[in-house]
1. Among the residues of segment A:62-82, how many are farther than 13 Å from A:Val169 by Cβ and either touching a Lys or Arg at 6+ places or on another chain (Cβ under 9 Å) or at the interface with another protein chain (Cβ under 9 Å from one of its Cβ atoms) (or both)?
2. Please note which helices (runs of 4 or more DSSP H) are completely contained in segment A:170-252 and include at least 2 residues that are within 24 Å of A:Tyr147 (Cβ to Cβ) and touching a strand residue (DSSP E or B) at 6+ places or on another chain (Cβ under 8 Å).
3. How about segment A:167-200: which of its residues are touching a Gly at 6+ places or on another chain (Cβ under 8 Å) and closer than 15 Å to B:Leu86 by Cβ?
4. Filter segment A:83-103 down to the residues that are more than 7 Å from every other protein chain (Cβ to nearest Cβ) and closer than 14 Å to A:Arg152 by Cβ and list them by number.
5. Just for segment B:9-20: of the residues that are in a helix (DSSP H, G or I) and touching a Ser or Thr at 6+ places or on another chain (Cβ under 9 Å), which one is surrounded by the most Cβ atoms within 10 Å (Cβ to Cβ)?
6. Run A:Val130 past the list (1) of a type in the set (A, V, I, L, M, F, W, C); (2) more than 28 Å from B:Ala239 (Cα to Cα); (3) within 11 Å of chain B (Cβ to nearest Cβ) and report the number of the one that doesn't hold.
7. Under the condition of being buried (at least 18 other Cβ atoms within 10 Å of the Cβ) and part of a helix (DSSP H, G or I), which residue from segment B:21-46 is nearest to the other protein chains (Cβ to nearest Cβ)?
8. Starting from segment B:31-52, keep only residues that are closer than 14 Å to B:Val120 by Cβ, then list their pairs with residues that are aromatic (Phe, Trp, Tyr) and part of a helix (DSSP H, G or I) whose Cβ atoms are within a distance under 6 Å, requiring at least 6 positions of separation or different chains.
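Just so it is clear, none of the values below were taken in a lab; they were calculated from the coordinates. Since the structure is predicted, the reported quantities are computational estimates derived from the model, not experimental observations. Cβ coordinates were reconstructed from backbone atoms using ideal geometry, including for glycine residues, and neighbour counts include every protein chain displayed.
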Amino acid sequence: MTSHIDGGVPIAPAVDEAVVVAVRTLTKRFGDVVAVDDLTFSLRKGTVTGFLGPNGAGKTTTLRLLLGLAEPTAGEALVFGRRYRDLVQPARRVGAVLETGDFHPGRPGRDHLRSLALAAEIEPDRVEEVLELVELESAASRRVRTYSLGMRQRLGLATALLGDPELLVLDEPANGLDPAGVHWLRGFLRRFTDQGRTVLVSSHMLAEAAQTVDEVVIIDRGRLVATGGIDELTEDGRTLEEVFLALTEAPT
Amino acid sequence: MALLRSELLKHRSTRTLLGLFAAMLGLILLAVLLHSLLPAEQLADRHTQLMVLGRGEFLGALFAALVGAMSVTAEIRHGTIRPTFLFSPRRDRVVAAKVGVSVAIGAGFGLLAGAAAVAVGAAALRARGITLQLDGRDYILLVAGSAAAAALWAAIGVGVGALVRHQVPTLVGICAWLLFVEGLLAGDLVGLGEVGRYLPGSAASAISGQDPGTLLTPAAGLALLAAYAAVAALAGAVAISRRDVG
């Protein structure tokens, strides 16, 4: 890769190293529908942040804007101080699992990983490492259509981990996992952040989220309704679920 | 280079390519054998012989276009376009790699399609005791022209797939265009007449030396189809770079 010098004055102010994700006045409209409405929040290095909201609140849209899969109508969503697509080797900095089933059913799991590793120039040994990490080695030669939902979730996680990223973005990762899988995922995320890495995990499974996350960002109808440490939000003795329902209650 | 290897592995790691290849060969066999049942006096004509042996070019181009189109639409259909663009956010480069790999596979499809049609057609005509009116240049054009036409139609397929995005309309559209829409437009029904030979299917047939005198020369057909391929691929790359991924 050739590096080129932009020259002159930097466009953005000096990047705060501790801020991994910076979402500022982010807005996304689809016709008349405002999916994300003037959303601002940031993520600090080394935390697990729960991105919570009812179905249709705009969580998935926000994650897609953050990952450069969709263009914002207004505002910006930056990772490590840049737009995702402006990152050098983005797969080595950010890993994402957006949905279950982003696989070709007729392609073996290992080939799914290898094709992406090739594209991002990730060494082939790393494919075997992540397969081992998510305990899919024995199924790696089978076509994905033979996988259970939980196996697909783990293959998705393996995809996200291919580049050994510093930030992991997970959209509803606990869907389809059995209790042992959820337990495993929780332990995995804890070890991941213990290495100084960062996780953004969207969920509407509040009891699970309450056990896993340090910080929460709660949105409703595209707007931010609360953000902060989970301890602060629940310090008056209410559970996360009670806080969430009070904040996201439909207006009468 | 990395992206080309990635795209090639995507083709190799499913059974789609093998299925399309088998379907193409089966249809060529069927089309050539059915045409070799035409009346003997008709088959004695050089133009008819070129047409019968040219079924390889026709079906090779069609299936190469499907290969190119599915390299985009299958990714959209199964959602793998998302990890693909996360691992390589420069979407124009992804499309370029898809064009490169599809053109190579298309050339292979076209070469084998052309050779199969020539071999089966020639054998069938000889078996009926019909003298072949073709010379070495005709055979070379039939096979090499088929490879070139299919290679370029594969690039058109990538472009159309990236523009239309949905798999079924893309594949149905390509099949309909090549199988009868273009024929209707160029034929007596609409009466485009002279203009008809500038359509992309006719340009492909011209490359393999079909209908000399009516269609363009092989060289002109090649240049015209290359222009269609470049425009389609470019339009597809621009469209997929600008639109959101669902």
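1. 8
2. Of the helices (runs of 4 or more DSSP H) lying wholly inside segment A:170-252, those with at least 2 residues that are within 24 Å of A:Tyr147 (Cβ to Cβ) and touching a strand residue (DSSP E or B) at 6+ places or on another chain (Cβ under 8 Å) span A:179-194.
3. Once the filter is applied, which keeps residues that are touching a Gly at 6+ places or on another chain (Cβ under 8 Å) and closer than 15 Å to B:Leu86 by Cβ, segment A:167-200 yields A:Leu167, A:Leu168, A:Val169.
4. Matches in segment A:83-103: A:Val97, A:Thr100.
5. Result: B:Lys10.
6. The single condition A:Val130 does not satisfy is (3).
7. B:Met24
8. none
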